[in-house]
Amino acid sequence: MDRISESHEAAGNRAGIPIEASLNYIEPNSEKPVYYAYEPPAGTPRSTGKFVAHNVPIRNAREVVRDLSLDKQGFQLTHQETAVRDFYDQNEVKTTYYPEVERLLKEATGAEKVVVFDHQVRNAELAKRGEKNAREYGRAVHNDYTAKSGPRRVRDHLPPAEAEARLQNRFAEINVWRPIRGPIESTPLAVCDSSSIDPEDFVASDLVYRDKVGETYRFTYNPNHRWFYFPRLEKNEVILLKCYDSKEDGRARFTAHSAFEDPTSAHDAAPRESIEVRALVFWPAEKSA
């Protein structure tokens, strides 16, 4: 048993007791779940599949932050200052923040190439008003890619010849998650230790866009899942979350995550404002092992 799992089991016997919170897991079903990334035609449900809330212990990841890694648990915390003034300005994010993320990921992973291809800002209040392209928080346990859709992203964002060459070597998809302003006081992000997820827990789900169909993972409940969060994240604190790794050698490949309602948040806590950037990370052939 590694130190993370040992300390997780021991948490109830010392300071730093986990909080108890509710996470939404999908119920097993014979039909493949579907989620529409846009408002579907009349009479078509936005999503299918039954989700059930389960109370789970969620541990303060700051207690074990030095033991966390992308290859073991699937996530880690790092720090980075940013020159971005307005994260709701899409042009500024693309011209200023994307290069910052590229540098951060190269330094954190040793990759030779990083391709930032997407970002999303989240703010529940703005989302309700339909302002600034903000979205609600993802409140179901999920992972952004599957064994099928991971390689597809490479073909989506690289020229055909380069894509096929890159697919022969190790690559990953990493989400870079940070507060737009801190500290985060409500609806933080919970992340699951990848090593605590069993193969039977994964449920592939179609993600339907107007022009294509992607695929993500939902997860069924497993009491062995080890959940963590970083309380009161500040703007210069960044979670790296590995959502796909092509290397199948026992390292973390997928990392379940979800927003959750923190029972310790004050009743007047500010709504969470965050940004997640999605990036492809490529290693050269000699560093694939």
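The values are calculated or read from the model by the stated rules, or taken from the named source; none is laboratory data. What you are looking at is a predicted structure, and each value in this text was computed from that prediction instead of being measured. Neighbour counts run over all protein chains shown; Cβ positions are idealised from the backbone, glycine included. Surface areas here come from the heavy atoms of the whole protein model, side chains and all, with no ligands, DNA or RNA. Shrake-Rupley method; radii C 1.70, N 1.55, O 1.52, S 1.80 Å.
Brief remarks on what is shown
- Any pair with Cβ under 9 angstrom, 6 or more apart, that starts in the stretch 39-64 at a residue that is of a type in the set (Phe, Trp, Tyr) and ends at one that is buried (at least 16 other Cβ atoms within 10 Å of the Cβ): 51/24; 51/25; 51/26; 51/139; 51/140; 51/141; 51/218
- Test: residue in the stretch 83-95 that is among the aliphatic types (A, V, I, L, M) and assigned to a helix (DSSP H, G or I): yes
- Looking only at residues in the stretch 170-214 that are closer than 24 Å to residue 20 by Cβ and of a type in the set (D, E, K, R), the one that is nearest to the chain's Cα centre (by Cα) is 193.
- Within the stretch 184-214, the set of residues being at pLDDT 95 or above and in contact with a Leu (Cβ under 6 Å, 6 or more places away or on another chain) comprises just one member, 184.
- Sole exception among (1) within 26 Å of residue 231 (Cα to Cα); (2) of a type in the set (Val, Ile, Thr); (3) outside any strand (DSSP E or B) for residue 121, by number: (3)
- Restricting attention to the stretch 255-282, the residues being over 20 Å from residue 87 (Cβ atoms), open to solvent by 20 Å² or more (accessible area, probe 1.4 Å) and in contact with a strand residue (DSSP E or B) (Cβ under 9 Å, 6 or more places away or on another chain) number 4.
- When 11, 37, 61, 83 are checked against the criterion of being modelled with pLDDT of 95 or more, touching a strand residue (DSSP E or B) at 6+ places or on another chain (Cβ under 7 Å) and either more than 25 Å from residue 217 (Cβ to Cβ) or not aromatic (Phe, Trp, Tyr) (or both), a single residue qualifies: 61.
- Looking across the stretch 222-255, the residues that are in contact with a helix residue (DSSP H, G or I) (Cβ under 8 Å, 6 or more places away or on another chain) and either in a loop (DSSP other than H, G, I, E, B) or of a type in the set (Lys, Arg) (or both) come down to 222, 224, 225, 226, 230, 231, 242, 246, 252, 253, 254, 255.
- Residue within the stretch 110-128 that is of a type in the set (Lys, Arg), open to solvent by 20 Å² or more (accessible area, probe 1.4 Å) and in contact (Cβ under 8 Å) with a residue 12 or more places away in the chain present: yes
- The criterion of being farther than 11 Å from residue 279 by Cβ, in contact with a Leu (Cβ under 6 Å, 6 or more places away or on another chain) and outside any helix (DSSP H, G or I) holds for residue 76.
- Within the stretch 175-199, residues that are touching a residue at least 24 places away in the same chain (Cβ under 8 Å) sit with their Cβ atoms under 7 Å from residues that are open to solvent by 10 Å² or more (accessible area, probe 1.4 Å) and of a type in the set (Gly, Ala, Ser), at 6+ positions apart or across chains, in these pairs: 185/265; 185/266; 185/269; 185/270; 186/265; 186/269; 186/270.
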